[in-house]
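First up is the structure itself, then whatever we jot down about it.
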Amino acid sequence: MTLSFRARKLGCASVPEYYSMEQENVAPKSARGQEFLVEFLLREGLISQEDLRNALEQQRLSGASLARILTDHGRVSEDDLKRAVAAEHGIPFISLTPEQVDPTAAHLVPDSLVRQYRAIPVRIEGDRLMVAMETPLNLAARDEITLLTGYTVVPLAASSKDLAQAILKHFSIQEVTKQEIVDIRLREIKEGRARPKTVVRERPQEGSEGAVIRLVDSIIHGAVAAAASDIHLEPQEPEMRVRYRVDGMLNDIMTIPRHVEPALVSRVKILANLDISERRRPQDGHIAVHLDGRDFDLRVSTLPTVAGEKVVLRVLDKGSTVVDLQRLGLAGDDLQRFQSLFRRPYGMLLITGPTGSGKSTTLYAVLRTLNSGTNNIITIEDPVEYRLAGINQIQVSLADSMTFATGLRTILRQDPNIIMVGEIRDLETAELAVHASLTGHLVFSTLHTNDAAGAVTRLIDLGVEPFLIASCVLGTVAQRLVRSICLDCKETYAATAAEIAEIGAPAGPAATLRLARGRGCPFCYQTGYRGRSGVFEILHVSERVRARIAEKQSSGEIRKTAVEEGMKTIWERGMEKVLAGTTTISEVRRVIGHQES
């Protein structure tokens, strides 16, 4: 069996895997495939003879495939390898643009298969369907598209980025759901159930059931594809509004006609195992979803409003990994300062910030770092968002009388080394956490305050004695999440005098400062931002700060002392990210505000 036939038979998902595929009774690596790859890369000028010699030497020592070595060391890209595979098998490699895709051809294949196989039909030529594919050797994908459409599939190779842009354009959530709504209307007209202009509340129509199911599925799938943290279904006049929260910002996605709204809400309730007949009181549930090989847990909350039931679905990726400390966004020497706080044998570390500022993510990263297998780590959370292997996690449950206070009291009898309390909300929880830290435990928790110094005064406001706080608190960390500039549409520009003044950079006639911003593109939904990173203010409780706390000084005085000892404020750290070209002044201003400077 030749290598190329075997690769086709197995439907390789990765080009480097293809070039490292073993033959059945020949050599451990494909000499033919490697020779063609080398010839192609040299002919196209993608590598030099020196690059080739170094890669071959590393292959001799490690036994890894040549393709993997070249990609891992940044000599060639995955797209370069795709071009090589395409050339070897006579498959055209095209520079795909969304405009090249015929919508009629594209929608011969459902969006679920387009996203699963990363393949989009481009045009129809007689009885042949030209399909741009990320892995054109995937025979299973080609066979399924052939059976589904009745056309003979002709594969075209395309880059991952070009395919993603075309799929975003032709299979956006707006386009898919628009078609589902049209299907509902057409079915109702066909079955003679025309609607009056004004509709109050009505029961879901059975004939439209399948289309409503597909509509809900497409909304959920669109949220996952957009990396949304929440889905908002909001009854408005005259139509229901659907919004996604992406990177902390709510974005309008579509509107749902009033006559479809009851069926849509009922479908969500059925999935969440809620009472569809109950519309006058709030309900909570969850939906388990498996999409694109990943498991998601959707936390569902319904709320009666004057216009109808508002539904919010919180999207939790059960398979997502906890972020490493290095990826949180800690700048300068903050990472070292932070590590010096949570690596103490006992004491209390507090993370502060508004809801959605990433406090739990930071604590998960800390717990992952400390989870060496020799510590007994126990958490009590509301809710448990991510499962951490090797850590004992407790869910707050008011129905079972499991509150933060009762859970923490029980945890102290479980011989813990490290305790994480999801949030300190009352005096009882605060006093138990302080007691735990004073008796030899390392305690992490969160508070809702504007800055790091405010965490101390918040504990005092709850009723904790200042001398106890001064004795147990190791430090406090305030954090926010700012959106990062999209790398696909990032550009630089000359800063204005006002921007230079706001940053605090030296001004003058000769002052030249270039900042970055995003133009907006399909990959960032025209926002100019994609992804978020943390901005931190780390207050280390030194002897001077401890004295201020014991004296019951204001948060302003505590903050002033910390700054004198070298603490960088959250505003200053935000401006450092602006100067580094990772975010913008307007974004820092939106999230942090001038009052933090």
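The values are calculated or read from the model by the stated rules, or taken from the named source; none is laboratory data. Not measured: the values here are computed from a predicted model. Positions of Cβ are backbone-derived with ideal geometry, glycine not excepted, and every protein chain shown enters the neighbour counts. To get the accessible areas, we keep the full protein, side chains included, count just its heavy atoms, and leave off ligands, DNA and RNA. Shrake-Rupley method; radii C 1.70, N 1.55, O 1.52, S 1.80 Å.
Worth pointing out:
Residue-by-condition table, conditions (1) touching a strand residue (DSSP E or B) at 6+ places or on another chain (Cβ under 9 Å); (2) surrounded by fewer than 14 Cβ atoms within 10 Å (Cβ to Cβ):
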| position | (1), (2) |
| --- | --- |
| T362 | yes, no |
| I380 | yes, no |
| Q395 | yes, no |
| A399 | no, yes |
| M402 | yes, no |
| A405 | no, no |
| L408 | yes, no |
| R413 | no, yes |
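Conditions tested, residue by residue: (1) under 23 Å from the mean Cα position of the chain (by Cα); (2) over 23 Å from G528 (Cβ atoms); (3) not in a strand (DSSP E or B).
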position	(1), (2), (3)
A227	yes, no, yes
H232	yes, no, no
E237	no, yes, yes
R267	no, yes, yes
I270	no, yes, yes
N273	no, yes, yes
R280	no, yes, yes
H286	yes, yes, no
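- Count of the stretch 231-241 residues, restricted to those that are open to solvent by less than 70 Å² (accessible area, probe 1.4 Å) and in contact (Cβ under 8 Å) with a residue 60 or more places away in the chain, is 6.
- From D426, D400, D415, D461, residue being at pLDDT below 90 and more than 30 Å from the chain's Cα centre (by Cα): D400
- In a residue-by-residue description of the stretch 264-278, the property of being at pLDDT below 90 and either touching a Leu at 6+ places or on another chain (Cβ under 9 Å) or buried (at least 19 other Cβ atoms within 10 Å of the Cβ) (or both) applies to no position.
- Breaking point among (1) of a type in the set (A, V, I, L, M, F, W, C); (2) modelled with pLDDT of 90 or more; (3) open to solvent by 10 Å² or more (accessible area, probe 1.4 Å), for I253: (2)
- Meets criteria (in a loop (DSSP other than H, G, I, E, B), over 12 Å from I549 (Cα atoms), in contact with a helix residue (DSSP H, G or I) (Cβ under 9 Å, 6 or more places away or on another chain) and open to solvent by less than 10 Å² (accessible area, probe 1.4 Å)) for A433: no
- Flag for D317 being surrounded by 16 or more Cβ atoms within 10 Å (Cβ to Cβ), farther than 15 Å from V216 by Cα, within 28 Å of the chain's Cα centre (by Cα) and charged (D, E, K, R): yes
- Within the stretch 320-340, restricting attention to residues that are hydrophobic (A, V, I, L, M, F, W, C) and either open to solvent by less than 20 Å² (accessible area, probe 1.4 Å) or farther than 27 Å from H221 by Cα (or both), the residue that is modelled with the highest pLDDT is F338.
- Flag if L459 is assigned to a helix (DSSP H, G or I) and surrounded by 23 or more Cβ atoms within 10 Å (Cβ to Cβ): yes
- Test for T146: is it more than 31 Å from the chain's Cα centre (by Cα), of a type in the set (S, T, N, Q) and open to solvent by 60 Å² or more (accessible area, probe 1.4 Å): no
- E57 meets each of the listed conditions (1) part of a helix (DSSP H, G or I); (2) free of Cβ contacts under 8 Å to residues at least 12 places away in the same chain; (3) closer than 18 Å to F36 by Cβ apart from (3).
- Test: residue in the stretch 299-314 that is without any contact (Cβ under 8 Å) to a residue 60 or more places away in the chain, more than 24 Å from S112 (Cβ to Cβ) and crowded, with 20+ Cβ neighbours inside 10 Å: yes
- Being surrounded by fewer than 19 Cβ atoms within 10 Å (Cβ to Cβ) and within 19 Å of L474 (Cβ to Cβ) is true of P345.
- Selection within the stretch 98-137: residues that are part of a helix (DSSP H, G or I) and of a type in the set (D, E). The member of this set that is farthest from K161 (Cα to Cα) is D111.
- Check on Q595, on the phi > 0 side of the Ramachandran plot, modelled with pLDDT under 90 and either open to solvent by 50 Å² or more (accessible area, probe 1.4 Å) or not in a helix (DSSP H, G or I) (or both): no
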